[in-house]
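Take a look at the structure set out below.
Every number here is computed from the coordinates shown, using simple stated rules; none is lab data. Just so it is clear, the model here is predicted, and its values are computed rather than measured. Reconstructed Cβ throughout: ideal geometry from the backbone, glycine too, with neighbour counts over all protein chains shown.
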């Protein structure tokens, strides 16, 4: 498996991959592929943290992080993480997260947040965000709003997560 930064030539294939990955997802709104495109055009886009996984020259997965705020602190939001159905259950998503987390730490980011499965994301280190001092957004279950430290020496944070405007939250 090769994990690399997305390029413009990947964009149309990523659009299809995200749509296909979320077509059968339990918690999806059907607009995840449009969110990817909107985030790329916004100020929260972090090109170094928009990665693809290739297997035998085919795109198997995609991950994207965008900047958000907790108080005055800039943090990251993981969304979306997409794996083509034929490659699901083979460690593609975990590999994408681990690589992106390493890059994010090297770039100086201290925290990553995700809204997702309480069974999937904890395996790479995500815990309920409330345990790190960040309030769960209204209407969202605290078990699904998770965060992780990207650097051991991350300074404490507290408050409310403010997503990039593209999320509409």
| task | Name the residue, out of 32, 118, 86, whose mean-square fluctuation peaks in a Gaussian network model built on the chain with Cα pairs under 10 Å. | result | 86
| Considering the chain as a Gaussian network with a 10 Å cut-off on Cα pairs, which listed residue, 66, 50, 142, attains the greatest mean-square fluctuation? | 142
| query | Which part of region 47-63 falls in the paramagnetic zone of residue 4, meaning amide N under 13 Å from the point 7 Å along Cα-to-beta-carbon? | reply | 51-60
| field | Estimated FRET transfer efficiency (residue 117, residue 138; beta-carbon r; R0 22 Å; 0.05) | value | 0.60
| query | If the chain between residue 165 and residue 151 were fully stretched, how many nm would it gain, using 0.36 nm times the residue separation less the Cα-Cα distance? | reply | 2.4 nm
| Calculated [θ] (222 nm, deg cm²/dmol) that DSSP helices of n ≥ 4 give over the chain, each run adding -39,500 (n - 2.57) | -7000 deg cm²/dmol
| query | Taking Rh as the Kirkwood radius, which is the inverse of the mean 1/r over Cα pairs, what is the Rg/Rh value for the chain? | reply | 0.93
